[in-house]
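Worksheet: one structure, shown below.
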Amino acid sequence: MRYLEHGDVVRIDPQRSHVNALYRRSSPSNSLLVTERCDNYCLMCSQPPRADDDRWIVDELRQVIPLLSPETAEIGITGGEPALLGQQLVELVELLKRHVPRTTVHILSNGRRFASPDLARDIGRVRHGDLMIGIPLYSDVPEDHDYVVQARGAFSETVRGVLNLKRYGIRVEIRVVLHAQTYARLPELARFLTRNLLFVDHVALMGLELMGFAKTNLEELWVDPLDYQQQLAEAVAILSHAGMVVSIYNHQLCVLRPELHGFARKSISDWKNTYFEECTGCAKRSACGGFFASSTLRRSRGIAPVGEGDRQTDGMPRAATEVAPDPPAVSGGA
């Protein structure tokens, strides 16, 4: 395993002759998988849930966290649905605060378990100095959101979860994965956020990762990003005009309108990230986030190298062409 370095944390399984890297000190994309169980069944889930009893994972993480470098910039907590752990999730946040107090912690959650305020209150009481919870909201229409996550009543629980988290001083990011079931009402969702959840800390508009259920449901989900540029530009304008911090994740610069480039982030985890032949000679390659490795299944017809002389075009309200402020450090690639 040539990529391992001093300070990395591994699990050794002598019986199977396996070595698994649990943490890489030099990587900016470390995440701790805390459970594979989930109470959603999202159409595009890149890590389909499993019902196995995996409580052993938390026991292992109790040993892993004290071994992390205190210089680690960011740690993600992901699943499954981390909030299903209840008080064990609170314990993991406490351990991270104790052993890596300067490290940003970003939890990916569907938000539903926070509809009951107790868990939000207990995480808030930890008073972690740099914690954010990323929560998906896929439509302003409850039935549409519930369809995407395949859970009746999920929209209401998710919104109540966001409200409870903010009530207890926890930063919240709204994450919107863009695909054929979500892009059409993106401007309406942006208006909903500005009217009802203006106080959230970040909005991430995310490209689709073609793994897991997204691969299974490809024909129902795939839309070329070129075909939703109008909705994306309008949503960014609405959010940024309202003073919300907005970013575009998992999109190549060549498929985005030039006026959206200032909102694009290099968000794909390093171990999932790749570039293709068309990227050779692109003037913006160093600024572009590239592709998920799974992008070989479908790619935009707009993929092409960007030249040095390309200029920004019109077609978007002027204020939305301004570069958005950098968002809090987050794991965008999921």
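Among Val100, Val93, which is under 24 Å from Ser269 (Cα atoms) and touching a Pro at 6+ places or on another chain (Cβ under 6 Å)?
Working: Val93 fails: touching a Pro at 6+ places or on another chain (Cβ under 6 Å).
One residue alone meets the criteria, Val100.
What are the residues in the stretch 75-126 that are buried (at least 19 other Cβ atoms within 10 Å of the Cβ) and part of a loop (DSSP other than H, G, I, E, B), if any?
Gly79, Gly80, Glu81, Val100, Thr103, Ser109, Asn110, Gly111
Is one or more of the residues making up the stretch 173-194 crowded, with 20+ Cβ neighbours inside 10 Å, touching a His at 6+ places or on another chain (Cβ under 7 Å) and modelled with pLDDT of 95 or more?
Checked against the condition, which is being crowded, with 20+ Cβ neighbours inside 10 Å, touching a His at 6+ places or on another chain (Cβ under 7 Å) and modelled with pLDDT of 95 or more, the stretch 173-194 yields at least one hit.
Considering only residues of the stretch 16-45 that are of a type in the set (Ser, Thr, Tyr) and free of Cβ contacts under 8 Å to residues at least 60 places away in the same chain, which is nearest to Val64 (Cα to Cα)?
Per the criteria, the residue is Tyr23.
Could we say that Gln150 is farther than 21 Å from Val176 by Cβ and modelled with pLDDT of 95 or more here?
For Gln150, the condition - farther than 21 Å from Val176 by Cβ and modelled with pLDDT of 95 or more - is not met.
Suppose we keep only residues that are of a type in the set (S, T, N, Q) and in a loop (DSSP other than H, G, I, E, B) within the stretch 13-34. Which one would you say is surrounded by the most Cβ atoms within 10 Å (Cβ to Cβ)?
Asn30
Filtering the stretch 190-210 down to residues that are out of contact with any strand residue (DSSP E or B) (no Cβ under 9 Å at 6 or more places or on another chain) and charged (D, E, K, R), which residue is nearest to Tyr41 (Cα to Cα)?
Looking at the filtered set, the residue picked out is Arg191.
Confirm whether Val10 is assigned to a helix (DSSP H, G or I), over 23 Å from Thr158 (Cα atoms), touching a Leu at 6+ places or on another chain (Cβ under 8 Å) and not acidic (Asp, Glu). Spell out how you get there, then give the answer.
On the way: assigned to a helix (DSSP H, G or I): no; over 23 Å from Thr158 (Cα atoms): yes; touching a Leu at 6+ places or on another chain (Cβ under 8 Å): yes; not acidic (Asp, Glu): yes.
Spelling it out, it is not the case that Val10 is assigned to a helix (DSSP H, G or I), over 23 Å from Thr158 (Cα atoms), touching a Leu at 6+ places or on another chain (Cβ under 8 Å) and not acidic (Asp, Glu).
Out of the residues in the stretch 175-189 that are among the aliphatic types (A, V, I, L, M) and out of contact with any strand residue (DSSP E or B) (no Cβ under 9 Å at 6 or more places or on another chain), state the one that is nearest to Gln150 (Cα to Cα). Step through it out loud before you land on a result.
To start, the set of residues in the stretch 175-189 that are among the aliphatic types (A, V, I, L, M) comprises 176-178, 180, 184, 186, 189.
Going one step further and asking which of them are out of contact with any strand residue (DSSP E or B) (no Cβ under 9 Å at 6 or more places or on another chain), we end up with 180, 184.
Values: Ala180: 16, Ala184: 19 Å.
Applying the filter and picking the extreme gives Ala180.
Return the total of residues in the stretch 185-210 being part of a strand (DSSP E or B) and of a type in the set (Val, Ile, Thr).
Looking only at that region, the number is 1.
Considering every residue within the stretch 60-67, establish whether at least one is out of contact with any helix residue (DSSP H, G or I) (no Cβ under 9 Å at 6 or more places or on another chain), under 25 Å from Gly161 (Cα atoms) and at pLDDT 95 or above.
no
Given (1) part of a helix (DSSP H, G or I); (2) under 18 Å from the mean Cα position of the chain (by Cα), identify the lone condition not met by Gly134.
(1)
Mind listing whichever residues of the stretch 87-136 are touching a strand residue (DSSP E or B) at 6+ places or on another chain (Cβ under 7 Å), farther than 16 Å from Val172 by Cβ and of a type outside the set (A, V, I, L, M)?
Thr103, the sole residue that qualifies.
Please count how many residues of the stretch 137-174 are part of a loop (DSSP other than H, G, I, E, B), touching a strand residue (DSSP E or B) at 6+ places or on another chain (Cβ under 8 Å) and either among the aromatic types (Phe, Trp, Tyr) or without any contact (Cβ under 8 Å) to a residue 40 or more places away in the chain (or both).
Here the count works out to 1.
Give me the pairs: first residue in the stretch 177-189 and within 10 Å of Met44 (Cβ to Cβ), second residue buried (at least 20 other Cβ atoms within 10 Å of the Cβ) and polar (S, T, N, Q), beta-carbon distance under 8 Å, and six or more apart or on different chains, which are they?
Final answer for the pair search is Thr182/Ser139.
The values are calculated or read from the model by the stated rules, or taken from the named source; none is laboratory data. All values derive from a computational prediction rather than experimental measurement. Virtual Cβ from ideal backbone geometry, glycine too; neighbours counted across all protein chains shown.
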